[in-house]
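J.: Structure in structure tokens, see below.
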Amino acid sequence: MKTEIEREEIIKAINLLLKQAYDSTLDEIFALLQRIEEEEEEEELKAYDEGKEDIRINGTVSWEEVKKEISQEVA
């Protein structure tokens with residue numbers, strides 16, 4: 001994960017390039033970013049569905065069990 005400063009520098013560099021780009025290039029970049037966003041949403045939904053299926057098959061773990069397990073790992 002990038003720091004806030006690194007992100008700002010990258011965004012500034014991208015903005016400079018975008019201002020110089022042809023309209024057709026901007027359209028392509030926009031379409032690419034939309035596809036990436038859609039793919040990320042699909043991955044999140046898939047993970048959610050897999051989690052629900054895991055709960056259906058294996059059941060759930062109580063919060064007390066989780067706290068007990070965490071305390072054992074720390075000790």
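The values are calculated or read from the model by the stated rules, or taken from the named source; none is laboratory data. A quick note: this is a predicted structure, and the numbers were derived from the prediction, not measured. Virtual Cβ from ideal backbone geometry, glycine too; neighbours counted across all protein chains shown. For accessibility, only protein heavy atoms count, side chains too; no ligands or nucleic acids. Shrake-Rupley method; radii C 1.70, N 1.55, O 1.52, S 1.80 Å.
J.: Tell me the GluC sites (Glu not before Pro) within segment 5-75 that lie in a loop according to DSSP and have at most 10 other beta-carbon atoms within 10 Å. Display every interim value, and only then the final one.
T.: Numbers: sites: 6, 8, 9, 28, 37, 38, 39, 40, 41, 42, 43, 44, 50, 53, 64, 65, 69, 73; in loops: none.
Here no loop site has a sparse enough neighbourhood.
J.: Further question: Scan the chain for chymotrypsin sites (Phe, Trp or Tyr not before Pro) in coil per DSSP, keeping those whose Cβ has at most 14 other Cβ atoms within 10 Å, and list them by number.
T.: Here the chymotrypsin sites (Phe, Trp or Tyr not before Pro) that fit, given the DSSP loop and packing criteria, are 22.
J.: Could you work out [θ]222 nm for the chain from helices alone, using -39500 (n - 2.57) per DSSP H run of at least four and dividing by all its residues? Round to the nearest 500 deg cm²/dmol.
T.: Working: 3 runs with 65 residues, N = 75.
Value at 222 nm, helices only: -30000 deg cm²/dmol.
J.: Given axes a ≥ b ≥ c from the Cα gyration tensor, I'd like to know whether the chain is rounded (a/c under 1.5), prolate (a/b larger than b/c) or oblate. Mind dumping the intermediate values first?
T.: On the way: a/c = 8.22, a/b = 2.04, b/c = 4.03.
Here the chain falls in the oblate category.
J.: Heavy-atom accessible area per residue, the chain, 1.4 Å probe: how many Å²?
T.: Computed with neighbouring chains in place, this is 100 Å² per residue.
J.: Give the total of Lys-Lys pairs in the chain with Cα-Cα distances below 28 Å; include a pair only if its members are 8 or more places apart or on different chains.
T.: Here the count comes out as 6.
J.: What part of the accessible area of segment 19-75, given as a whole %, is carbon or sulfur when the probe is 1.4 angstrom?
T.: With neighbouring chains kept in place, the figure for segment 19-75 is 53 percent.
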